[in-house]
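What follows is a set of notes on a single structure, which appears directly below.
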Amino acid sequence: MMDNRGNMAVEIAIMLVTLLMIMGMVLNASELLTNKAITTAETENMETLITEIVDNLVNNPGNPENWQEYGKGTPGLAIVNEEGEIVPNSVSYSKFIALGKGYKKLVDEKLFGSKIKTSMELIPRESSISSVKIGNNNEKGDVFSVNRFVKCDFYKKFVLYDFKHGGKCNHRHSQDVCSCNYFKVFKGNLKTSNYYLLIDSKEENDLKFIVDTTRVVKSRPWENPGSDMIYLNDKINFYDDESAVVFIHFNKPNVKAVLVCVPKNFKMHDLNYDYFRTNDCDLILKAWF
């Protein structure tokens, strides 16, 4: 038979085992809480960081302002308008593309210190333009995302005139019923540049237009566009002059059409009205460890 000392030893052993089990459970719970706290802190820090960076990008043109021409400096994406004012919540397409070309140096290293991976995507709303994505593609684990509604200019810098706004006319057309405007061109311009009228595809079948110059004696008839892209170089007559003043007339007011001047090597695929107007877009920044 076990004496009292034996019973006491067994009881003590049971108590020690129980105590060790309780301590293990406490330590495990403590470790889980610690890890959860660390994860929560990392998540909050990540969300705060990418939110601040996105807001800075879309409200700041960068330093220097034309950093995209040199591929260095502190990047910013905001548009600077013709009056020299920063357009809030905007994305310059040329800066966005430049950011993509130097993404590792300008974004991964300069903005995030190479601690995390990121990508950005510009998604036009109500447009025929495809989205554009830059940065890393190997998303994995927990991915943090910030979305901002922005204005994007795409190729608007090549626009000479937007016919949604009133202009001048040499035929005394009332701008209440027509859309007219003019531009001056030199013979030398046609060697390096192409001029186009780009029309919203929803309007091309309901329009007529005239292209003439101040030297035309006989009035020209209205023409049907027949396309959403009208090449103008072969419609410009210089006669014996080195330059010409070209007038363009549409038979409707506030036409969704633009006059553009693009380099000879400009991609034909991008000669689309939507590329040359200001677009409403979503800018999405994703980040992960």
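Starting from the Cα of Asp142, move 7 Å in the Cα-to-Cβ direction to define the label point; list residues of the range 269-289 whose amide nitrogen is under 12 Å from there.
288-289
Given a Förster distance of 51 angstrom, what is the FRET efficiency for Ile86 paired with Ser219, based on the Cβ-Cβ distance and rounded to 0.05? Before the final figure, lay out each step's value.
Details: r = 46 Å, r/R0 = 0.90.
For Ile86 and Ser219, the calculated efficiency is 0.65.
Report, please, the projected area of the range 224-289 averaged over directions, based on the convex hull of its C-alpha atoms, in nm². If you can, show how the numbers build up before the last one.
Working: hull surface 33.1 nm².
With every direction weighted equally, the projected area is 8.3 nm².
Run the numbers on the range 193-265 and let me know its relative contact order in percent, using alpha-carbon pairs under 8 Å that are six or more apart.
Working: 114 pairs, mean separation 37.2, N = 73.
Across the range 193-265, relative contact order equals 51 percent.
Could you state the number of Å between the C-alpha centres of the range 266-289 and the range 83-159?
Cα centroid of the range 83-159 versus Cα centroid of the range 266-289: 9 Å apart.
In which sequence would Arg277, Arg220, Arg125 go, from the one with the fewest C-beta neighbours within 10 Å to the one with the most? Walk me through the numbers before you get to the answer.
Details: Arg277 21, Arg220 15, Arg125 11.
By the 10 Å Cβ count, ascending, the order reads Arg125, Arg220, Arg277.
If you look for lysine pairs in the range 45-138 that are eight or more places apart or on different chains, how many of them have Cα atoms under 16 Å apart?
Lysine pair count for the range 45-138: 18.
Which log10 I(q)/I(0) values does the range 178-289 give at q = 0.12, 0.19, 0.23 Å⁻¹ under the Debye formula, counting every alpha carbon as one identical point scatterer?
Log-scaled intensity ratios, in q order: -0.48, -1.05, -1.39.
Using 16 Å as the cut-off for backbone N distance, which residues of the range 228-259 belong to the label zone defined by a point 7 Å from the Cα of Asp176 along Cα→Cβ?
252-254, by backbone N distance to the label point.
Just so you know, all these numbers are worked out from the coordinates, no wet-lab data involved. Just so it is clear, the structure is predicted and the values come from calculations on it, not from any experiment. Note: ideal-geometry Cβ built from the backbone for every residue, glycine included; neighbour counts use all protein chains shown.
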